Amino acid sequence: MSGLRRRSAWPRMVAAVGALTLLSRIGYGHAQLLDPPAPVGQVLEEYRVALENKDLDQLAGLYVTFSDRQRQALREYMENAAGLTVELADVTVAPLGDAVAVTYTRRDHFIDRESGKPQRLEVRLTKILVPDNGGWKITDGL
C-alpha cells in the first residue's frame, strides 16, 4: 500500500452521530419543565452510563425498539472513542400526553483511536420517552 494513506474513521463517525441526531431531533412548543422528574432522570443516567460503558445491550434495553442500523452506528462510534466520557446538561422536559419530550445537550469527550487526539463532540438532542411497564423507554416517535 505504498503511497496510500489510511483515512481516519472520524468523518464516518461524525456522519453517523449527525444522522442519529437528525433522526432524534424534534422541536416542541409546549411549556417545558427545567428539572426532569426522578424516573426520567433515572433513564437519562442509565443512558449516559451505558454510553460511557459502551454497553449496546443496556442501551438497547432503554429503547422501545433499537434497530440494527442504530446498533451499528453506535458500535462504530464507540470503537473509535477511547476513554469516552458523556455529560448530559441543560435538560428540559415537555409533557406530551402520557409521554414526555426530553431535550438535552450531550457532550462527549474521548481520544480518537486512530489519530490519538482528544476530541469533544457536543450536540443538542430531543428524545421521546413513553411509559413502559411502570418505567420509561425511549421511542422513535409517537
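The H on the amide N of ASP140, modeled in the peptide plane, is under 5 Å from the matching H of THR65, each at least 5 residues off or on a different chain. Computed from the C-beta positions of ARG113 and ASP57 and an R0 of 25 Å, the FRET efficiency is 0.70 to the nearest 0.05. Look at LEU44, LEU84 and count the other Cβ atoms within 10 Å of each Cβ; fewest to most, that gives LEU84, LEU44.
From least to most packed, judged by other beta carbons within 10 angstrom and beginning with the fewest, PHE66, PHE110 follow the order PHE66, PHE110. In plain terms, the residue of ARG75, ARG48, ARG106 with the fewest other Cβ atoms within 10 Å comes first and the most crowded comes last, giving ARG75, ARG48, ARG106.
Only the coordinates and a few stated rules stand behind these numbers; no lab work does. These figures come from a predicted structure and were not determined experimentally. We place every Cβ from the backbone using ideal geometry, glycine too, and count neighbours over all the protein chains shown.
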